[in-house]
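Participant: The structure is given below, and queries will be raised subsequently.
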Amino acid sequence: MSARLKILEHALASMARRKQKNFAIIAVYTLTVATLASILFLTQALRNEAANVLLGAPDLVVQRLLAGHHDLIPKQYAEQIAKLPGVGKVTPRVWGYYYDSLKKVNFTLLGVNDASEPPLLAGHLPTSGRQCALGRGIADTYGVEIGDSLVLVDSKNRTLLYEITGLFSHQSSLLTNDLILLPEAELRRFFALPDSQASDLAVQVYNEQEVSTLAKKIKHQLPDTRPIGKMEILHTYDTVFNWRSGIMLTIFSSALIAFCILAWDKATGISAEEKREIGILKAIGWETSDVLLLKFWEGLAVSLSSFLLGTIIAYLHIFFFGAGVLGPVIQGWSVLFPKFDLTPAIDLYQIFALAGLTIIPYIACTVIPSWKNAVTDPDSVMRS
Amino acid sequence: MRILIYLLLCLLLFSSSCFAKQPQQPDKKERCPVCGMFISPYRDWMGTILFKDDSQLFFDGAKDLFRYYFSLPNKNDSRTRDDIAEIYLTDYYSVRLLPVNQLFLVLGSDVSGPMGHEMIPVTGEEAAKTFAKDHNGQKIISFEQLTPQLIPKD
Amino acid sequence: MQRSLAFGAYLLFSSLLLALLLYSGRQQADTVAEHYFPANRQLVKQLGLTDLSIWSEARYTRHPSQADLFTAFQDYPGAFDHFPAGSIIGPGCLQGSPSLSFQKRGQP
Amino acid sequence: MAALIQAHTLSKIYNRHQADEVRALSEVTFSVEAGEAVVLQGPSGSGKTSLLSLIGCMTRPTSGQLRIGEKEVSRLPEPFLARVRRETFGFIFQQLNLLRDLSVLDNILLPLYPADLKTAEMHSRAERVLEQLNLLEKQRMKVAQLSGGEQQRVAIARALINQPEIIIADEPTAHLDSTLSKELLVILEHLKKDGKTIVFATHDPYVYQHRLVDRRFSMHDGVLRKAE
């Protein structure tokens, strides 16, 4: 057994002496790592989901802006856009919001024309006037199933009943959770939308490279529009769930700061007892480097075991228990929050970054304060 | 009677498109014989030469394709231009493989392909002009007008 | 000696467990990428969806990529907005606004 | 044969060039032969502990030379000093300085950790000193659970485990009653018989008048004199 291992042995023995203190530190440390890793896992999974799933989104969405507000877009804009070279199909989309003041939820109402069966739908899409299809989240929240009827109050204050003909499966919840699909003609009647207008236009562009040029051209030819490219949509989600930006960074950094306070407290709190021990070890023949190695082992033992444990807890929390603890934090006051049935998407770089951000500062905080005591002459222990 | 002629016409069109040689799609391992790059990541730029013996070569852009075309017969390939059945290029706007005589080539534009400066194949003169306007194209030519000197350098 | 062995065993065990979890996650992700991502992508394509339905509180949180330019803190579509107010303060209840209800089959 | 410990005009000044400068030793010159037992007498604050620290390579002299065996140690860099401490000296402190929450075995093994020894060698050495000091049955117990005399023996065991040539003991009987003091001196006498060199600091007459002591020095204000 080499000297290093023997010193590790002593490090573990001396940590076992201060069980309570070390367990408390490991508990806090593990919790911090678990929180941070949960955030990383959750956001990375959502980011991955968005990046994969929203690839199917329209290449370009063209909105109309009126006095800076999102406004209905005339259908003849679609014909004009369709004439541009490189543009495939231009589909007018009809959709809107319906606010439930009791549950405080905004439902998304979407008009469908195409009755061909989409994947992940039980039942069928609404075909005739008084039918609808719902997202799983709504069905679960209100406890309804296929065959029941949805009661909506339209823009003229009439109460309308829609028979539920289809329910989306929970596997599509991240997309369809709050969705209510109505036949497009019915949705127009419901919102009293004129036939000549649409909510916005979904534009198909064959060549990905040409999207930005087309967006510029559309903006030039139709100055009151605002084209949004698919890449912008993807970029939006990339940004929202990027661990280095926005809300995630806020949560992340506050957890990290809390952790630094813990480490700092431990560091500055090197006790007289510990000082005396360092003196004794030096007096009986330990070198400065041996003492620092001892402290390094202590730091490593705490940080590595906490890091591993915390990461495992985070993984189980996010991917086995559906982010039960973190979910409500991200969800805010959303009532209709999708049940996270997330696909693990792990970025090893992030895990290593997390390891670097937690293990290294902790070891530094353990070793550096001991330094000063380790380099002083051990004769002080003779005079105490 | 008119319906009959119409039907015959349809049949003729259909059969001609059926019998004309159609280009195959490249598999994942296909490389460009000029620059050695893989084809499949750059499908939007792909060009292909279909020979009369049914063999087919893929290129990662019009530029490389025409370099090869003008080099025939070369030290690795003894075939001549007469052995070529058809040349297909990917139309910039529709991202479909189309026969080269349906396409115009826009030179000197600001759009670059996998190999840098590129000649961009566009269907129809109108669209070619639009493209040249949008992307600062310098010159529009057809395949017949192409000479080795016109191929962009890099 | 026993302590460093126990510690080593713990480290080995937990690293292996973590590696196993990450590996099984990878496997899971592969099957999902094969079956369920394409299905969802198809769904997105057919319905013309643009956003994930995570936050349904307001239209700029439900469709962050389609939000108005004048939405608070919205520098470009999707800049995450109304933080931290949005995560603490809920929306007020509007008087006389409509609500969603259902009628069970067979009921009048 | 040269003396085992040779000190020549050793001086030690603490907090040099500061307001609280203390001259602990001035120009001490003396030597100790191998196998000798030497006592430093003197009131507290006279510089006994400082001299022991210097001899024990725990600190370096401000001026003067110190030779341990063949080695000039007064200017050695710290890692080498630590090595000399480990290989040449066994320390018995006034305060014992044991780690009270560790077991007896763990305590006495501590000086061996930085050395590259085989585990089996470590344990056979430990067994030997434990047996020698009659601690075999107590080796798994925590130091805090032992009586004062047993703790004293643990401290001695720790000092012996490196098989040092020189034992340094600073006021070893200060906290012991007369029975325990007697017991300690019996142990020291055995050690002397084994050929160890012993350097004491004490103001306990029972110790400095003991038959094992070969020579006595008295210290006063950092100056060493031969005692009558």
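Participant: So how much accessible area does A:Asp195 have, in Å² to the nearest 10, using a 1.4 Å probe?
Facilitator: The value for A:Asp195 is about 110 Å².
Participant: State, to one decimal in nm, how far the label point of A:Val375 lies from the label point of D:Phe80, with both points 7 Å from Cα in the Cβ direction.
Facilitator: Between A:Val375 and D:Phe80, the label points sit 2.0 nm apart.
Participant: For B:Lys52, which lysines qualify as cross-link partners when the Cα separation must be under 20 Å and same-chain residues fewer than eight apart are set aside?
Facilitator: Correct list for B:Lys52: B:Lys21, B:Lys75.
Participant: Given the range A:99-141 reduced to its alpha-carbon atoms as identical point scatterers, what log10 I(q)/I(0) does the Debye formula return at q = 0.13, 0.14, 0.17, 0.32 Å⁻¹?
Facilitator: -0.35, -0.40, -0.58, -1.28
Participant: In sequence order, what are the phi-derived ³J(HN,Hα) couplings for the range A:135-145 according to the Karplus relation 6.51 cos²θ - 1.76 cosθ + 1.60 with θ = phi - 60°, rounded to whole Hz, with x for glycine and proline?
Facilitator: Whole-Hz 3J(HN,Hα) from phi for the range A:135-145: x, 4, x, 5, 4, 5, 5, 9, x, 10, 9.
Participant: Mind putting together the pair-distance distribution for the protein assembly as shown? All Cα pairs, 10 Å bins, whole percent per bin, short to long.
Facilitator: With a bin width of 10 Å, the distribution comes to 2, 10, 14, 13, 12, 10, 9, 8, 8, 7, 4, 1, 0, 0, 0.
Participant: Considering the dipole of the protein assembly as shown built from charges on the beta carbon (Lys and Arg +1, Asp and Glu -1) around the Cα centre, which of A:Ala345, D:Ile13, D:Leu180 is farthest to its positive end?
Facilitator: D:Leu180
Participant: When only alpha-carbon atoms count, how far does chain A stretch along each of its three principal axes, as whole angstroms with the largest first?
Facilitator: 96, 47, 38
Participant: What's the FRET efficiency of A:Arg17 with A:Ala258 using the Cβ-Cβ distance as r and R₀ = 25 Å, to the nearest 0.05?
Facilitator: On the way: r = 27 Å, r/R0 = 1.08.
E(calc), rounded to 0.05, equals 0.40.
Participant: Something else: Taking H placed 1.01 Å from N in the peptide plane, check which residues at least 5 places from B:His117 or on another chain put their amide H under 5 Å from its amide H.
Facilitator: It is B:Asp154, by chain and number.
Participant: Under 14 Å from the Cβ of A:Leu234, count the other residues' Cβ atoms, weight Lys and Arg +1, Asp and Glu -1, and hand me the total. Please list the in-between numbers first.
Facilitator: Working: positive: A:Arg47, A:Lys230, C:Arg41; negative: A:Glu49, A:Asp59, A:Glu208, A:Glu232, A:Asp238, C:Asp51.
Local charge sum for A:Leu234: -3.
Participant: If you plug each phi of the range A:349-356 into the Karplus form 6.51 cos²θ - 1.76 cosθ + 1.60 with θ = phi - 60°, what whole-Hz ³J(HN,Hα) values come out, in order, with x for Gly and Pro?
Facilitator: Residue by residue, the range A:349-356 yields 4, 5, 5, 5, 4, 4, 4, x Hz.
Participant: With unit charges on the beta carbon (Lys/Arg positive, Asp/Glu negative), name the residue among A:Val90, A:Pro74, A:Phe23 whose Cα is farthest towards the positive pole of the charge dipole of the range A:4-111.
Facilitator: Final value for the positive-end residue is A:Phe23.
Participant: Kyte-Doolittle mean at least 0.5 and Cα extent at least 18 Å along the axis: which DSSP H helices of chain B qualify?
Facilitator: On the way: long enough: B:2-19 (25 Å, 2.11).
Both cut-offs are met by B:2-19.
Participant: Would you mind classifying the range C:1-66 by shape? Square roots of the alpha carbon gyration tensor eigenvalues, ordered a ≥ b ≥ c; an a/c under 1.5 is rounded, otherwise it is prolate if a/b is larger than b/c and oblate if not. Walk me through the numbers before you get to the answer.
Facilitator: On the way: a/c = 8.05, a/b = 2.42, b/c = 3.32.
The shape class here is oblate.
Participant: A further question follows. Which far-off residues, 5 or more places away or on another chain, put their amide H under 5 Å from the one on D:Ala37, with H placed in the peptide plane?
Facilitator: Here D:Ile198, D:Asp214, D:Arg215 satisfy the definition.
Participant: Follow-up. Could you check what % of the DSSP bridge pairs in the protein assembly as shown are antiparallel, to the nearest 5?
Facilitator: Here the antiparallel bridges make up roughly 75 percent for the protein assembly as shown.
Participant: For A:Ala364 paired with D:Arg215, estimate the spin-label separation in nm (one decimal), with each label point 7 Å from Cα along the Cα-to-Cβ line.
Facilitator: About 5.4 nm, to one decimal.
Participant: So, one more: So for the range A:58-229, if I pair up every lysine 8 or more residues apart or on another chain, how many of those pairs have alpha-carbons under 28 Å apart?
Facilitator: 14
Participant: Would you work out which of D:Val143, C:Phe37, A:Trp371 lies farthest towards the positive end of the dipole of the protein assembly as shown, given +1 charges on the beta-carbon of Lys and Arg and -1 on that of Asp and Glu, about the Cα centre?
Facilitator: Working it through, the farthest residue towards the positive pole turns out to be D:Val143.
Participant: Right, another one. Given charges of +1 on the Cβ of Lys and Arg and -1 on the Cβ of Asp and Glu, with all other atoms neutral, how large is the dipole of chain D about its Cα centre, in debye to the nearest 20? Show your work: numbers first, answer last.
Facilitator: Details: 29 positive and 28 negative charges, 44 e Å.
It comes to approximately 220 debye.
Participant: Rounded to the nearest 500 deg cm²/dmol, what is the calculated helix-only ellipticity per residue at 222 nm for chain A, with -39500 (n - 2.57) per DSSP H run of length n ≥ 4? If you can, show how the numbers build up before the last one.
Facilitator: Numbers: 14 runs with 198 residues, N = 384.
For chain A, the value works out to -16500 deg cm²/dmol.
Participant: Here's another thing I want to ask about it. Take the Cβ-Cβ distance between D:Glu70 and D:Glu127 as r, set R0 to 41 Å, and report the resulting FRET efficiency rounded to the nearest 0.05. Could the numbers behind the result be given before it?
Facilitator: On the way: r = 32 Å, r/R0 = 0.77.
Efficiency for this residue pair is about 0.80.
Participant: Also, quick follow-up: Using a basic spin-label model with each label point 7 Å from the Cα along Cα→Cβ, how many nm lie between B:Arg81 and D:Ser11?
Facilitator: The two pseudo-label positions are separated by 10.3 nm.
Participant: Another question, if that's okay. For the range A:148-209, what class follows from the C-alpha gyration tensor (a ≥ b ≥ c being the square roots of its eigenvalues): rounded when a/c is under 1.5, otherwise prolate if a/b is larger than b/c, else oblate? Don't skip to the answer; put the middle values down first.
Facilitator: Working: a/c = 3.10, a/b = 1.26, b/c = 2.47.
Since a/c reaches 1.5 but b/c is at least a/b, the shape of the range A:148-209 is classed as oblate.
Participant: Residue by residue through the range B:97-109, which ³J(HN,Hα) values in whole Hz follow from phi under the Karplus form 6.51 cos²θ - 1.76 cosθ + 1.60 (θ = phi - 60°), with glycine and proline marked x?
Facilitator: Karplus values, whole Hz, x for Gly and Pro: 6, 10, x, 5, 6, 8, 10, 10, 10, 9, 9, x, 7.
Participant: Hey, can you grab everything whose amide H is under 5 Å from the amide H of C:Ser101? Only 5+ residues off in sequence or another chain; H modelled, so Pro and N-termini drop out.
Facilitator: HN-HN under 5 Å from C:Ser101: A:Val151.
Participant: Now, a different point. Where the only charges are on Cβ atoms (+1 Lys, Arg; -1 Asp, Glu), what is the dipole of chain B about its Cα centre, to the nearest 20 debye?
Facilitator: 80 debye
Participant: While we're looking at this one, here's another question. Treat every Asp and Glu Cβ in the range A:277-384 as -1 and every Lys and Arg Cβ as +1, leave all other atoms uncharged, and give the resulting dipole magnitude about the Cα centre to the nearest 20 debye. Before the final figure, lay out the partial values.
Facilitator: Working: 5 positive and 8 negative charges, 48 e Å.
Approximately 220 debye in magnitude.
Participant: Here's something else I'd like to know. With an 8 Å cut-off on Cα pairs and a minimum separation of 6 or more residues, tell me the relative contact order of chain A in percent. Don't skip to the answer; put the middle values down first.
Facilitator: Working: 571 pairs, mean separation 108.6, N = 384.
Value for chain A: 28 percent.
Participant: Something else now. Could you provide, to the nearest whole Å², the per residue accessible area of chain D with probe 1.4 Å? Spell out each step's value before the answer.
Facilitator: Numbers: 10190 Å² over 228 residues.
I get 45 Å² per residue for chain D.
Participant: Calculated FRET efficiency, B:Cys35 and A:Glu79, Cβ-Cβ r, R0 51 Å, to nearest 0.05? Provide the component values of the computation, followed by the final result.
Facilitator: Values: r = 42 Å, r/R0 = 0.83.
E(calc), rounded to 0.05, equals 0.75.
Participant: Here is a further query. For the range D:44-124, which GluC sites (Glu not before Pro) are both in a DSSP coil and crowded by at most 10 other Cβ atoms within 10 Å? Don't jump to the answer; show the numbers that get you there.
Facilitator: Values: sites: D:Glu70, D:Glu72, D:Glu87, D:Glu121; in loops: D:Glu70.
Passing sites in the range D:44-124 are D:Glu70.
Participant: Rounded, prolate or oblate: which fits chain B, taking a ≥ b ≥ c as square roots of the Cα gyration tensor eigenvalues, rounded meaning a/c under 1.5, else prolate when a/b beats b/c? Write down the numbers at each step before the final one.
Facilitator: Numbers: a/c = 1.88, a/b = 1.27, b/c = 1.48.
It is oblate, given that a/c is not under 1.5 and a/b is not larger than b/c.
Participant: Next question, about the same structure. In the range D:23-61, which GluC sites (Glu not before Pro) fall in coil by DSSP and have 15 or fewer other Cβ atoms within 10 Å?
Facilitator: Taking the range D:23-61 and a limit of 15 other Cβ atoms within 10 Å, the loop GluC sites (Glu not before Pro) found are D:Glu33.
Participant: Which of the aspartates and glutamates could be linked to A:Lys372 by a straight reach, that is with a Cα gap under 19 Å, when you skip same-chain ones fewer than 8 residues away?
Facilitator: Within the straight-line cut-off, A:Lys372 pairs with A:Asp265, A:Glu273, A:Glu274, A:Glu277, A:Glu287, A:Asp290, A:Glu298, D:Glu78.
Participant: A further question on this structure: Out of the trypsin sites (Lys or Arg not before Pro) in the range B:23-92, which ones are loop residues according to DSSP with at most 14 other C-beta atoms within 10 Å?
Facilitator: Numbers: sites: B:Lys28, B:Lys29, B:Arg31, B:Arg43, B:Lys52, B:Lys63, B:Arg67, B:Lys75, B:Arg79, B:Arg81; in loops: B:Lys28, B:Lys29, B:Lys52, B:Lys75, B:Arg79.
When the trypsin sites (Lys or Arg not before Pro) of the range B:23-92 are filtered for loop state and at most 14 Cβ neighbours within 10 Å, B:Lys28, B:Lys29, B:Lys52, B:Lys75 remain.
The values are calculated or read from the model by the stated rules, or taken from the named source; none is laboratory data. These numbers come from a predicted model, not from an experiment. Quick reminder, even Gly has a Cβ in these numbers, built from the backbone with ideal geometry, and neighbours come from all protein chains shown. The protein model used for the area step is the full one, side chains on, heavy atoms only, and it has no ligands, DNA or RNA in it. Shrake-Rupley method; radii C 1.70, N 1.55, O 1.52, S 1.80 Å.
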